[in-house]
Amino acid sequence: VLAAGDLASERAAAPVTDFAALFAPRAIAVAGASTSRETFGNRFLAAYRDAGWTDGLFAIHPDAREIDGVPAYASVDAVPGGVDYLLVAVPAARTPDLVAGAGGSARFAHVISGGFGEGGADGAALEDLLLAAARGAGIRVLGPNCMGVFSPAGRQTFQLDTPSEPGSVSVVSQSGGLAGDIVKAGDRRGIRFSKLVTVGNAIDVQPGELLEWLVDDPDTAVLGLYLEAAPDGRRLVSALRRAAGRKPVAVLVGGSSRQGARAAASHTGALAADARIWDAIAKATGAAVVATLEELLAVLAFHQRYATNAADVDASVLIVGPGGGASVLATDACDRAGLTVAAVEGDVVARLRELGYGAGTSVANPVEIPLGPAVGPDAINRVIDAVFAHQHYRDLLLHVNVQAYYSYGTGGAAPLLELLARLGASEWQGTRLALVLRNLECASPDDARALADACTAAELVCFRDFDEAATAIAAGQRFDRARPR
């Protein structure tokens, strides 16, 4: 049995690690699956089989020879050839001995089990035992108290029915539950992931270390973080500095309020930094710090689409959409995000009035135009082409009122789908398009899904409200300013 002790030196002595096998393991073993009941171990076996694992997947069980159709062995060292990834779903008290016994037979151990530092002093002592076991066995530990890894190319997963198309967005998340939301909700927004990893209590593998590796990962172009604490804060900030101007980063910090900090402490045993510290980090590194999960996904989707577009035009925003209070609210959202909504020039205004716009509405920016089922889908192109013939904008915020297509027409979503296809085929050189589909809840579930699919097919970045869009645009402009000149 392992003895607890002072592990300051062990915590500081984590070996330099190549995390490629964490995201694309050659073989996986799951400890904690049952032959008689449903456990987390059984759920992971099902998720891996759903992801396409037939060979190279094993269960660890003292008596069984197979579990849920997966070959079972009594110990990790009994698995032929060993494994890259050991998933530990046994009670917390058993984890140190299990990891110690996997020395020479596993490279990474992901401990899903809770009951560690988040539970108090006894749990913290158990973390010390687990880390000592891992150091002695030469194994890096992910967690404990975390859900693991998602990587479509490496068939890594912790959920059923996960997206299989790999992309360029990678995320480090302290929360496993929130990571599941990021994968599934992000997929509906058209985000395609390269890698996602959860760290939980992060007693060994830590956020800064992973971010450092992902900054150099050729399959990662955009980075996201969800943190409740940064135990390797200096390394994390150093990695953010290295990413500046190379790869855009969006950061969501949980527990930055007084009551949120209390919730974070009970979740992962973490104490998050003051919001003012993250403000300073953002200014120093060019990372975008966001306030909600929805904003995190919005920024990741925007960066995914536009991170490789060089910025060589004025950093201002053109707002185009139906008249009324919506354009005023869009301007307010841009102002809150620190964006500039620069007025269009006089000759542009004159040209728009010649086209028949401006009677009782603004064409100075915001540009208010009739837009709905009674207006042809080319109306937007005519207006934007007229503006860009004289004056260019780095960012275009276009808003459409979905409910109008049901209240003032009989074609339902069909005219709007035609508009989206036309927008996808449009080219406004050097301009990023942020599309806000207002009142999307007025569409039927089938229509809403068709609209989302149409946006993905047309490579349009779609937002649910003005603040999401403005936050994403501001993140894009922040990354622009960090690019090398």
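The values are calculated or read from the model by the stated rules, or taken from the named source; none is laboratory data. As the structure is a prediction and not an experimental result, all values here were calculated from the model. Quick reminder, even Gly has a Cβ in these numbers, built from the backbone with ideal geometry, and neighbours come from all protein chains shown. Note: accessible area is taken over every heavy atom of the protein model, side chains too, but ligands, DNA and RNA are not part of it. Shrake-Rupley method; radii C 1.70, N 1.55, O 1.52, S 1.80 Å.
Taking all protein chains together and a probe of 1.4 Å, list Asp128, Asp84, Asp385 from the most accessible to the least accessible.
Asp385, Asp128, Asp84
Starting from the amide H of Ala109, placed 1.01 Å from N in the peptide plane, find each other amide H under 5 Å away whose residue is 5 or more places distant or on another chain.
Distant-sequence amide H within range of Ala109: Leu86, Arg140, Val141, Leu142.
Can you grab the distance from the C-alpha centre of region 446-485 to the C-alpha centre of region 141-202, Å, no decimals?
Region 446-485 and region 141-202 have Cα centres separated by 21 Å.
With a 1.4 Å probe and all protein chains kept in place, how much accessible area does Asp63 have, in Å² rounded to the nearest 10?
Surface accessible to solvent at Asp63 totals approximately 120 Å².
Using a basic spin-label model with each label point 7 Å from the Cα along Cα→Cβ, how many nm lie between Asp50 and Arg382?
Here the modelled spin labels are 5.0 nm apart.
So what's the angle, to the nearest 10 degrees on a 0 to 90 scale, between helix 275-285 and the longest Cα principal axis of the chain?
Once rounded, the angle reads 80 degrees.
Can you run phi through the Karplus equation (6.51, -1.76, 1.60; θ = phi - 60°) for region 388-396 and list ³J(HN,Hα) in whole Hz, with x for Gly and Pro?
In residue order, the calculated couplings are 6, 5, 10, 8, 9, 10, 5, 10, 10 Hz.
Would you work out which of Ala443, Pro370, Val402 lies farthest towards the positive end of the dipole of the chain, given +1 charges on the beta-carbon of Lys and Arg and -1 on that of Asp and Glu, about the Cα centre?
Value computed over the given set: Pro370.
Determine the dipole magnitude for the chain: charges of +1 sit on the beta-carbon of Lys and Arg, -1 on that of Asp and Glu, nothing else is charged, the reference point is the Cα centre, and the result goes in debye to the nearest 20.
Here the size comes out at about 620 debye.
Taking a virtual spin label 7 Å from the Cα of Arg422 along the C-beta vector, which residues in region 357-399 bring their backbone nitrogen under 14 Å of it?
Residues 369-386 fall inside that zone.
Compute the acute angle (0 to 90°) between the alpha-carbon long axis of helix 466-482 and the principal axis of greatest extent of the alpha-carbon atoms of the chain; round to the nearest 10°.
The angle comes out at about 80 degrees.
Round to the nearest 10 and report in Å² the accessible area of Leu397, as given by a 1.4 Å probe over the protein chains' heavy atoms.
Number for this one is 0 Å².
I need the calculated FRET efficiency for the pair Thr35 and Ala121, taking r as the beta carbon distance and R₀ as 25 Å, to the nearest 0.05.
0.10
At a Cα cut-off below 25 Å, give the lysines reachable from Lys283, other chains included and same-chain residues fewer than 8 away excluded.
Reachable lysines: Lys247.
For the chain, give me every cysteine whose Cβ has no other Cys Cβ within less than 4.7 Å, ordered by residue number.
Those would be Cys146, Cys334, Cys442, since no other cysteine Cβ in the chain comes under 4.7 Å of theirs.
Residue by residue, what Karplus-based ³J(HN,Hα) values in Hz, rounded to whole numbers, does region 153-160 have, using 6.51, -1.76 and 1.60 with θ = phi - 60° and x for Gly and Pro?
3J(HN,Hα) across region 153-160, in whole Hz: 5, x, 6, 8, 7, 9, 9, 7.
First check a/c for the chain, with a ≥ b ≥ c the square roots of the eigenvalues of its C-alpha gyration tensor; if it is under 1.5, answer rounded, and if not, answer prolate when a/b is larger than b/c or oblate otherwise.
It comes out prolate by the Cα gyration axes.
Accessible area per residue for region 74-139 in Å², computed with a 1.4 Å probe and the full protein assembly in place, what is it?
34
Using Cα atoms only, what is the angle between the long axis of helix 233-243 and the major principal axis of the chain, expressed in degrees (0 to 90) to the nearest 10?
Once rounded, the angle reads 50 degrees.
Between Ala389 and Ala93, with labels modelled 7 Å along Cα→Cβ, what's the label distance in nm to one decimal, could you check?
Rounded to a tenth, the inter-label distance reads 8.0 nm.
Multiply the residue separation of Glu66 and Arg242 by 0.36 nm, subtract the distance between their alpha-carbon atoms, and state the gained length in nm to one decimal.
Fully extending the segment from Glu66 to Arg242 adds 58.7 nm.
Quick check for me: using +1 on Lys/Arg Cβ and -1 on Asp/Glu Cβ, what's the dipole size of region 1-151 about its Cα centre, in debye to the nearest 20?
Charge dipole of region 1-151: 200 debye, to the nearest 20.
What nm value, rounded to one decimal, do you get for the distance between Ala414 and Ala350 when each label is placed 7 Å out toward the C-beta?
4.2
Place a +1 charge on the Cβ of each Lys and Arg in region 360-431 and a -1 charge on the Cβ of each Asp and Glu, then give the dipole magnitude about the Cα centre in debye, rounded to the nearest 20.
Here the size comes out at about 40 debye.
Once ligands and nucleic acids are excluded and a 1.4 Å probe is used, how much of Ser426 is accessible, expressed in Å² to the nearest 10?
30
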